[in-house]
């Protein structure tokens, strides 16, 4: 791959295609992560500024379990999502619920404090070095014609779609999912008809955390885990969610794919360090010209 | 003018201010070099927090990207100094319009296109990140290798070029903090200040009452950005280096705003008190760790985070409002 990166010369079209497909698959995992943020904000109306940090928890869980117990990250997906669900549930029940009606800047400070604690606990426990996982398919790839895709990316992208689809089905078809959507639509109305809003909020925060947990588990197939990853992935989640439309579930996935492809192609055309600039450029354009996001409902 | 500055200050508050100012003025003769450096950092955060407070505490616009004004101020003054030998005070004359223009651009786009609340906060982060990556790849300002200011042993303090001993830097930032305190006191009692408070409390009602909310929000952003740019100039000349990764990073924006939130948002004493509490806490934790022989990277930060958590849970309005009631100096410096 590296030898194909000819700057100034003509890059063959199939290189673009390969990079774009890789970007789509990475973007699906980004999208699943952002989906968690979107679900939490859409219902609880709290912006989770510790989102990327929660993902690093999942990444380290995956690295440790994969390294010590030789379990495949794909098998770990559901257990780690369940652990993060419990974490999110307890967090919302015990702490964040106090802040639901408080002003935004105090919510922000609360979650920043949480983010600081998470990052540094991870730093104490695992040290500052980057950790990665070894899988049997780590160097494998699929080839379809001129298209060559890493097997790990294909599995990660597919798992992200399955997880997102399951969440989508939960919100759409189960009674509990409908109750949560009712809370999001009309808080007072939900109270009036006798819904236990506090519990539903905790469930929602748990589900959002489970998305991050699943995304983090898949993320170890794509990048190395370090305790310092948090802030940049929190920002990435914001960018994706706002691009796709805050509160729109397909929007989060679409935003993730869009940002994933943009980053991949920008990394090919320019220096890789410039790639996130394009993500922020997209964010600014979306905020100004389509503030409800690509798939979001028009704001009242 | 002087009379107007002291209008509405209760005798108790005046005494408190006088004692505080006297203590600050005398500090360099009493404390050692280490504590003096801590005091400089406290005053720097008090200053920057006060600057941010103009936008959030007064006008209610939550900016999480103030690092951009800090970085622009620092870079403009440092470039003028290293490339053309222009003194920082003249550099400040260039830095202020640059920061104000940047604030105006962000403000114009946000307010014209109706970007509010959380969306506005994230837009400000986006601009700061944009600047960080841009400067990181901009060869003229040395990109990610950073800018360094010449460091020499100075026989005497050169106040004009901001080269000298910690004591000089201390008095510079003390004067700046006192000035911005007076400015905020004055602003809060001005027509603009009342309009800002009206916008903060209820923007729709403010507009209905005939306030041109767009104009006054723009003024808030531009004043806040201008005031913040000096913090950047000070940062550059005090630390003698500038890296885009550091000066534009989101953690710079966050550390500026922790002080006012912990101290009490929208109050005059809040940012100062918050800076004291937070920097004091961080330094105390670090000393305690050293004293107990704990060498665990991150442990200090975990405690710091826990303390933030406790304060924000226990005192949602910050430390100053309840303290002010206790001291009998009115509601948060008013």
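Looking at region A:219-229, which of its residues are surrounded by fewer than 24 Cβ atoms within 10 Å (Cβ to Cβ) and either within 12 Å of another protein chain (Cβ to nearest Cβ) or in a helix (DSSP H, G or I) (or both)? Before the answer, list the steps.
Narrowing region A:219-229 to residues surrounded by fewer than 24 Cβ atoms within 10 Å (Cβ to Cβ): A:222-224, A:226, A:228-229.
If the condition is that a residue be surrounded by fewer than 24 Cβ atoms within 10 Å (Cβ to Cβ) and either within 12 Å of another protein chain (Cβ to nearest Cβ) or in a helix (DSSP H, G or I) (or both), then A:228, A:229 are the ones that fit.
Among the conditions (1) more than 10 Å from chain B (Cβ to nearest Cβ); (2) surrounded by fewer than 24 Cβ atoms within 10 Å (Cβ to Cβ), the only one that residue A:260 does not satisfy is (2). Screening residue B:82 with (1) assigned to a helix (DSSP H, G or I); (2) in contact with a helix residue (DSSP H, G or I) (Cβ under 8 Å, 6 or more places away or on another chain) gives one miss only, at (2). If the condition is being within 7 Å of chain A (Cβ to nearest Cβ), surrounded by 17 or more Cβ atoms within 10 Å (Cβ to Cβ) and within 24 Å of residue B:267 (Cα to Cα), then region B:298-315 contributes B:304, B:305, B:308, B:309, B:312. Taking residue A:224 and the conditions (1) touching a residue at least 60 places away in the same chain (Cβ under 8 Å); (2) touching a helix residue (DSSP H, G or I) at 6+ places or on another chain (Cβ under 8 Å), which numbered condition does it fall short on, given that it satisfies the others? Of everything listed in (1) touching a residue at least 60 places away in the same chain (Cβ under 8 Å); (2) touching a helix residue (DSSP H, G or I) at 6+ places or on another chain (Cβ under 8 Å), residue A:224 misses just condition (2). Is there a residue being in contact (Cβ under 8 Å) with a residue 24 or more places away in the chain, assigned to a helix (DSSP H, G or I) and within 12 Å of another protein chain (Cβ to nearest Cβ) anywhere in region B:97-110? Looking for residues that are in contact (Cβ under 8 Å) with a residue 24 or more places away in the chain, assigned to a helix (DSSP H, G or I) and within 12 Å of another protein chain (Cβ to nearest Cβ), one finds at least one in region B:97-110, hence yes.
Summed over region B:228-262, residues that are within 13 Å of the chain's Cα centre (by Cα) and either assigned to a loop (DSSP other than H, G, I, E, B) or within 14 Å of another protein chain (Cβ to nearest Cβ) (or both) total 10. Between A:125, A:162, the distinction of being at pLDDT 90 or above and either within 20 Å of residue A:87 (Cβ to Cβ) or facing chain B (nearest Cβ under 9 Å) (or both) belongs to A:125 only.
The values are calculated or read from the model by the stated rules, or taken from the named source; none is laboratory data. In this text, all values refer to a predicted model and were calculated from it rather than measured experimentally. So basically every Cβ, Gly included, is an ideal-geometry build from the backbone, and we count neighbours across all protein chains shown.
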